[in-house]
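Input: a single structure, listed below in structure tokens.
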């Protein structure tokens, strides 16, 4: 058996009076020790929490790899040129954005904003949403942002012509 240590505890008056009524004077130390031991058994150990967190992160990473592999398989199995880009549009604004990209193949957010007559931040958010939804559904985004120069355009959004209906 291990050595006992002295611990001083301050209790609210009502808790002390309740303990004095229920627990005889000679048994109070034993009662408090048991109460602390029971509470400690119910409280998870920090190292176990850390180990569980590490396991959970590992599982999440493995699950992400599985999702990536499944998305790669979907890319290999869907037929190129059979996707309607308008199916990822939520409202009329998204349809206008998609029409502009279908016509010009690429555009910067200020160009689209000028065409649609709204602010570029709204356009940016909509393009990101279309990109996210299409990537989730088919494993590859229908629109993609390219920061470098491509076909004379810098920092532009491009529609993936392999995926769209022709």
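By count of other Cβ within 10 Å, fewest leading, how are 19, 56 ordered?
Listing 19, 56 from fewest to most nearby Cβ atoms yields 56, 19.
When 154, 105, 10, 135 are ordered from fewest to most other Cβ atoms inside 10 Å of their Cβ, what list results?
In order of increasing Cβ crowding within 10 Å: 10, 154, 105, 135.
Under the classification rounded if a/c is under 1.5, otherwise prolate if a/b is larger than b/c and oblate if not, where does segment 1-43 fall, given a ≥ b ≥ c as square roots of the Cα gyration tensor eigenvalues?
Here segment 1-43 falls in the prolate category.
Expressed in nm², what is the orientationally averaged projection area of the convex hull enclosing the Cα positions of the chain?
Seen from a random direction, the Cα hull of the chain projects 20.1 nm² on average.
With each run of n ≥ 4 DSSP H residues scored as -39500 (n - 2.57), what mean residue ellipticity at 222 nm is computed for the chain after dividing by its residue count and rounding to the nearest 500 deg cm²/dmol?
It comes out at -19500 deg cm²/dmol, rounded to the nearest 500.
Where does each of 114-123, 26-35 land if you order them by average Cβ count within 10 Å, highest first?
Highest mean packing first, the order is 114-123, 26-35.
Cα axis of helix 46-77 to longest principal axis of the chain: angle in degrees, 0 to 90, nearest 10?
It works out to around 20 degrees.
D for segment 83-166, whole µm²/s, Stokes-Einstein with Kirkwood Rh over alpha-carbon pairs at 4 °C and 1.567 mPa s: what number?
Diffusion coefficient, whole number: 103 µm²/s.
The numbers here are math on the coordinates, done by the rules we state, and not lab data. The shown structure was predicted, so the numbers you read here are calculated from the model rather than taken from an experiment. Every residue, glycine as well, gets a Cβ built from its backbone with ideal geometry; the counts of neighbours run over all protein chains shown.
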